[in-house]
């Protein structure tokens, strides 16, 4: 038996293997199940990726894993983009992971792009078919889950910006196989009711799987066919769904959708003040022109009738009349301004609560008929200084007669 001409150390052998692997493999995608997942204080992730036949070590460093939109755990089926390497210190093969997604996300993205291309070809994204939003909606509809965190943010924004505008919630699931049919039904119900002038279609952020209901083809057609303008506010600013492209306006977040749908109450008051100032300037200009015209007439009369005392008296009468007209116009303008301000303030429901009244709410909707009360349900009691969750032990009905 002939010995090799060169005897390698273990380190030299491992370095040669590492060099061979590094030059033989480009970045590749690998699918498998995570096991032995560990997240170290440094922020780095270490795990094994396995299937029924084999397993391999994996590492994803902190600078890479911040972009992963879920927290990996043992048993997760994932797809990783990685560089195959050889850890010479232990003689282990490992994957240095650059990207990670849940298994199937790639197929979902391909389906998303395919549907997007189809609907774009059909003209559903055409800006010419999108409807304008109302400047002052008489009521706003919200299609979302009553359990969604986004609903609280939307209602808070609407209350702050335009508390006088009524809100109607059309509840629907926003995740899972029943979500798309539910949202279609909710949109159809809003159109049948014909009570709102704009609809907010909203939910919070999530993975592509979580938001997949908003990529439903039939939902896209329902949005396009809606007679009521629709604002989509789905996920975070970086999330895009088919619903966003079809809607009349896309908001980066649910809160932004609420802001786009409402006029700012403070801005309305500023506009009203501007209109009042414009009216004042217009009235002043007109009165000054009339005063100048009277002076010119007085001068003509002074030349035609040689009676200075009589003309002076006539001029004083005209000036007194002009002053009365001015005061009447000014008083009318102030009354109108006070009337508009009173109307705006009257529409604020907080004023009613501050007078000692309370509202009984069920799922954000006010209870108006005592027959709708039930001892088996819990309600929200809204008062001037806050809210309370209550239940009723005994209900005795009475009428106003």
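Only the coordinates and a few stated rules stand behind these numbers; no lab work does. If you're wondering where the values come from, they're calculated on a predicted model, not measured in any experiment. FYI the Cβ positions are ideal-geometry reconstructions off the backbone, even for glycines, and counts take in every protein chain you see.
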- GNM, the chain, Cα, under 10 Å: largest mean-square fluctuation among 201, 49, 133? 49
- Item | Dimensionless Rg over Rh [the chain; C-alpha; Kirkwood] | 1.26
- Calculate, for residue 323 and residue 359, the FRET efficiency according to 1/(1 + (r/R0)^6) with r their C-beta to C-beta distance and R0 51 Å; round to the nearest 0.05. 0.50
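Exposure proxy check: 168, 395 ranked by fewest other beta carbons within 10 Å?
Working: 168 17, 395 10.
Result, fewest neighbours first: 395, 168.
Using the 10 angstrom Cβ neighbour count as an exposure proxy, how do 45, 29, 326 rank, fewest first?
The order, fewest Cβ neighbours first, is 29, 326, 45.
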- Item | Rounded tilt (10° steps) of 308-346 against the dominant C-alpha axis of the chain | 30 degrees
- Using only the alpha carbons of the range 351-391, determine the length spanned along each of the three principal axes and report them from longest to shortest in whole angstroms. 29, 19, 15
- Can you sort 93, 113 so the residue with the fewest Cβ neighbours within 10 Å comes first? 113, 93
- With N residues in the range 107-262, what two-decimal value do you get for its Cα radius of gyration over 2.2 N^0.38 Å? 0.95
- Query: Helix 105-122 versus the longest principal axis of the chain: what is the Cα-based angle in degrees, 0 to 90, to the nearest 10?
  - Reply: 40 degrees
- Query: Per residue of the chain, what 222 nm ellipticity follows from adding -39500 (n - 2.57) for every DSSP H run with n ≥ 4, rounded to the nearest 500?
  - Reply: -14500 deg cm²/dmol
- Please give the helix 149-162 orientation as an angle from the longest Cα principal axis of the chain, in degrees from 0 to 90, rounded to the nearest 10. 20 degrees
- Query: Gaussian network model of the chain, Cα springs within a sub-10 Å range: biggest mean-square fluctuation belongs to which of 53, 337, 71?
  - Reply: 53
- Query: Mind checking which of 129, 31, 368 has the largest fluctuation in a GNM of the chain, springs on alpha carbons under 10 Å?
  - Reply: 368
- When a/c is below 1.5 the answer is rounded, else prolate if a/b is larger than b/c, else oblate, so apply that to the range 38-183 with a ≥ b ≥ c taken from the square roots of the Cα gyration tensor eigenvalues. prolate
- Query: What number, in percent, do you get for the relative contact order of the chain if the mean sequence gap of Cα pairs under 8 Å and at least 6 apart is divided by its residue count?
  - Reply: 10 percent
